[in-house]
1. Where the centre of each part is set by its Cα atoms, how far does the stretch 249-328 sit from the stretch 169-221, in angstrom?
2. Based on alpha-carbon atoms only, what is the radius of gyration of the stretch 86-232 relative to the globular estimate 2.2 N^0.38 Å?
3. In whole Å, largest first, what are the principal axis extents of the Cα atoms in the stretch 305-433?
4. So for the stretch 324-433, taking the charge dipole from beta-carbon charges (+1 Lys/Arg, -1 Asp/Glu), which of SER422, THR329, ASN377 sits furthest toward the positive end?
5. If you split all Cα-Cα distances of the stretch 240-285 into 10 Å bins from zero, what percentages do you get per bin, shortest first?
6. For the stretch 198-253, what does the alpha-carbon gyration tensor say about shape, rounded, prolate or oblate, given a ≥ b ≥ c as the root eigenvalues, a/c under 1.5 as rounded, and a/b over b/c as prolate?
7. So what is the relative contact order for the stretch 203-255, in percent, with contacts set as C-alpha pairs under 8 Å and at least six apart?
8. Net charge near ASP408: determine it from the other residues with C-beta under 15 Å of the C-beta of ASP408, scoring Lys and Arg +1 and Asp and Glu -1.
Amino acid sequence: MALKAEEEQFLPSTPGKFKDKWSSGKNRQFYRCFASTSTMFLWALFLVALTAAYLSFQSFVDSGNKFFSAACGGAHWEKQIRSSAQIHRHNGFAVLVTGAAGFVGSHVSLALKKRGDGVVGLDNFNNYYDVSLKKARKSLLNNHNIFIVEGDINDGRMLAKLFEIVHFSHVMHLAAQAGVRYAMENPQSYVHSNIAGLVSLLEACKTADPQPAIVWASSSSVYGLNDKVPFSESDQTDRPASLYAATKKAGEEITHTYNHIYGLSITGLRFFTVYGPWGRPDMAYFSFTRNILQGKPITVYRGKNRVDLARDFTYIDDIVRGCVASLDTSKKSTGSGGKKRGPAQYRIFNLGNTSPVTVPQMVGILEKQLRVKAKKNVIEMPGNGDVPFTHANISSARRELGYKPTTDLQTGLKKFVKWYLSYYGYNNGQSVK
Ligand SMILES: NC(=O)c1ccc[n+]([C@@H]2O[C@H](COP(=O)([O-])OP(=O)(O)OC[C@H]3O[C@@H](n4cnc5c(N)ncnc54)[C@H](O)[C@@H]3O)[C@@H](O)[C@H]2O)c1
C-alpha cells in the first residue's frame with residue numbers, strides 16, 4: 001500500500017495536471033530539479049542512441065566498400081578507363097587484364113596495346129614482393145596509355161562497374177597469389193586470390209552482357225608428383241605437391257563449371273617457370289642474380305639421390321605469344337546475362353619450352369653473364385612444395401595456337417641480366433634500388 005501511495009505521487013491526476021500535493025513551493029522546486037535531470041538524461045540517451053545508429057550505419061557502409069576503394073569511382077576514373085579501353089585496329093579486342101602490374105600481366109598488356117587492342121589493367125598491388133617494382137611496371141604501362149585500376153578481384157561491385165563502363169570482349173586473367181613456398185607462411189592469401197577471387201571474377205563475367213571470352217593462367221604445378229615426362233594435358237593432375245598447385249587445380253575445375261553451366265568460353269594456360277626482364281623477385285633466377293651480385297651465398301636444392309632439380313624455363317616473350325594466340329583463337333561465350341545458348345569452348349594448354357635445364361646449369365649461365373662466381377650452398381630439397389623437375393609437352397599448343405617457343409635459357413637470361421643491371425642501377429657503378 002505504501003508503495004502504491006508513493007507511485008501515485010508521481011502520476012499525473014489528469015493529463016497535463018499534477019496532483020495538488022505538488023503545488024507546495026518546496027515540492028515544486030524538487031520537481032523542477034527532477035524534471036530537468038530526467039530531461040537531460042533522456043537527451044543524453046537520445047544522443048547515445050543516435051551515435052550508435054550512426055556508427056553502425058558507417059560500419060555497414062564500410063563493409064560494403066571493403067574493396068571499392070577511394071582510388072575507384074568518379075568521372076575522371078571512368079574517363080581513364082574508357083580511354084585505355086579504346087581499340088585502335090580493325091576487329092580489335094577490348095581486354096581486361098587482371099594482375100596487370102605483375103610480371104606476365106605487364107608484358108601481355110603491352111603486347112596487346114602495341115597491336116591496337118584496348119587494354120584496361122586491374123591489380124591490387126599487394127606486398128607479396130617489392131611493391132615498387134609493381135609501381136614501376138605500372139608507370140611503364142601508363143606511358144603506353146594503359147590505365148591500371150587499383151582494386152581486388154574479390155570486389156564484385158567494382159568488377160560490375162568495370163563491365164558497365166566497358167563491354168570487354170576478352171578477359172586475360174593473370175591475377176593470383178603466385179609462389180609455391182609462401183603457401184606455408186600465408187595459406188589464406190592463396191584461397192583469397194586463386195579461389196574466392198577467381199569465383200568473383202567468373203561471376204562478373206557470367207553476368208556481363210556481352211559475356212567476355214576468358215583466358216587465364218593455371219600452372220605446370222598442377223602436375224605435382226606426376227613422374228611421367230614430358231607432362232601432357234591429358235596426364236593425371238590429382239597429386240598436387242603444394243597449396244598453390246591445389247588452388248590452380250581447383251581453378252581448372254571451377255572454370256570448367258562456369259563453362260558448363262553458363263556457357264563461358266574458357267582457356268586455361270599451364271605456364272612452365274616463366275622468366276625474363278621485369279620478372280618476379282621471389283623466383284630462383286632472380287634472387288640468385290641479386291645474391292651473386294651482392295656476394296651473398298645462394299641455396300641450391302638437390303633432389304633425392306643427389307639428382308639435380310630441373311625446370312622447363314620459358315622466356316616471357318614466348319609466353320606472351322602463347323597468351324595472345326589463345327585470345328585470338330578464343331570463341332565467343334555462348335551465354336548472356338547468365339542464360340546459356342549452347343556449348344562453349346573449354347581448353348587447357350601447356351605453355352613451356354620443352355627443354356628442361358638443371359638448376360646448377362642455370363646458375364652456371366648466370367655466373368657467366370654476371371662474371372661473378374656464385375657461393376653455392378647445396379642442400380637436399382626440403383618438402384616445401386617444390387617438385388624435382390618439370391617438362392612440357394607442347395604439341396597441343398603448337399597445333400591449336402601455333403605456339404612455338406624460340407628463346408633458349410642462355411639467350412633469355414642474357415636479356416634478363418641486361419635488364420636487371422640497368423633497372424637496379426649497376427650500369428652506373430652502384431646499385432640504387
Ligand atoms: N611466373 C611463372 O613462372 C608462373 C608459372 C605458372 C603460373 N603462373 C601464373 O601466371 C600468373 C601471373 O604470374 P606472375 O609471375 O606474373 O605473378 P605476379 O605475382 O608478378 O603477378 C600477379 C599479380 O596479381 C596481383 N594480384 C594478386 N592477387 C590479386 C587480387 N586478389 N586482386 C587483384 N590483383 C591481385 C598481384 O599484385 C600481382 O601484381 C599467375 O596466375 C601465376 O600463378 C606464373
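1. Cα centres, the stretch 249-328 to the stretch 169-221: 15 Å.
2. 1.08
3. Cα spread of the stretch 305-433 along its principal axes, largest to smallest: 61, 43, 27 Å.
4. Selected residue: THR329.
5. With a bin width of 10 Å, the distribution comes to 22, 37, 29, 12, 0.
6. In terms of gyration-tensor shape, prolate.
7. It rounds to 34 percent for the stretch 203-255.
8. +2
Readers should treat all values here as calculations from the given coordinates under stated rules, not as data from a laboratory. Since this is a predicted model, take the numbers as computed values, not measurements. Cβ: placed from backbone, ideal geometry, glycine included. Neighbour counts: every protein chain shown.
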